[in-house]
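Read-outs throughout are calculated quantities, based only on the coordinates presented, and are distinct from any laboratory measurement. Because the structure is a prediction, the values reported are computed rather than measured. Here the Cβ positions follow ideal geometry from the backbone for every residue, glycine too, while neighbour counts run over all protein chains shown.
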Amino acid sequence: MPRILIFANGELPDLEKARAIILDDDLLVAADGGSQHILALGLMPHLIIGDLDSLDVDIPLLTKRGTQLIQFPRDKDETDLELAITHVLTLNPTQLIIVAALGGRLDQTMGNLSLLTDARLASVDARLDDGVEEIFFCRDQAQVQGGSGDIVSLIPWGENVTGVLTQNLKWSLNGETLYANKTRGISNEMCGEEASIKIKTGTLLVVHRRADHYPIGDLNE
């Protein structure tokens, strides 16, 4: 199964940087209004999921070009993004990237972050990524691909995180504890193209903001 990209209906700050995320064989899924972002990139969604109340496009034209629609009623308990995640997990993706899930309404942003804590995603490399920032949870170990000067923040999610070990970050951590009510892990810096993080207990929110002083290129090279 190729990677799956789900486009949410949040903000997409830089189309060109978002374009750099996409590979030719990615499966492009839109959570309702997220289809607008895919079309703005000059691409076609393979699948649109949601109640379709934010879908301001020519639906017959999309279906004629091969887009599949899965529609849900407007009165539902889940957001369109949650419905999209639930569906694509049945496809056993090798990697799940959620695009345009940040910005705009704070409640939506926080809800989207919390979706990444779903136990079903524990064995999937699932990240929010808009080309400018990528956000994911480290439950054991993780790698950050980027460039020297990129900002990496490590934020304990709801509880203390113990045994934090980092490599290739300017201010290294050597088996230390990051406390949930402290900000010690904010605004670290990458010293090269890759940094690694390991933890013993807890859940660590990793926020990677790419620096503007080097060409973004293809983020997957």
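Helix 80-89 axis versus longest C-alpha principal axis of the chain: approximately 80°, rounded to the nearest ten. When a/c is below 1.5 the answer is rounded, else prolate if a/b is larger than b/c, else oblate, so apply that to segment 1-58 with a ≥ b ≥ c taken from the square roots of the Cα gyration tensor eigenvalues. In terms of gyration-tensor shape, oblate. Classification of segment 1-131 by its C-alpha gyration tensor yields a rounded form. The axis ratio a/c (a ≥ b ≥ c) stays under 1.5. Assuming a ≥ b ≥ c are the square roots of the Cα gyration tensor eigenvalues, decide whether the chain counts as rounded (a/c under 1.5), prolate (otherwise, with a/b larger than b/c) or oblate. Prolate is the answer for the chain, as a/c is 1.5 or above and a/b outweighs b/c.
Normalising the average separation of contacting C-alpha pairs (under 8 angstrom, six or more residues apart) by the number of residues puts the relative contact order of segment 133-221 at 46 percent. Available extension along the chain between Leu89 and Thr183 is 30.5 nm, counting 0.36 nm per residue and deducting the alpha carbon span. Once the other residues with Cβ under 10 Å from the Cβ of Gly202 are scored (Lys, Arg +1; Asp, Glu -1), what is the net sum? Summing Lys and Arg as +1 and Asp and Glu as -1 gives +1. Per-residue extension of 0.36 nm, minus the Cα-Cα distance of Asp25 and Asp118, leaves a gain of 30.9 nm for this segment. GNM on the chain, alpha-carbon springs under 10 angstrom: the most fluctuating residue among Leu204, Leu81, Leu39 is Leu39. Among Leu47, Leu165, Leu102, the largest mean-square fluctuation in a Gaussian network model of the chain (Cα springs under 10 Å) belongs to Leu165.
Note on the chain: GNM, Cα springs under 10 Å; of His46, His208, His87, the largest mean-square fluctuation is that of His87. The spacing between segment 68-82 and segment 96-175, judged by their C-alpha centroids, is 26 Å. Taking the longest Cα principal axis of the chain as reference, the axis of helix 106-115 is set at about 80 degrees.
What is the distance, in nm, between label points placed 7 Å from the Cα along the Cα-to-Cβ direction at Asp212 and at Ser196? Roughly 3.3 nm, to one decimal. Where both partners of a DSSP beta bridge lie in the chain, what percent of those bridges are antiparallel, to the nearest 5? If we restrict to bridges inside the chain, about 60 percent are antiparallel. Using R0 = 41 Å, the C-beta based FRET efficiency linking Asn160 and Gln68 works out to 0.40.
Pairs of Lys residues in the chain are counted when their Cα atoms are under 20 angstrom apart and they lie 8 or more places apart or on different chains; the count is 4.
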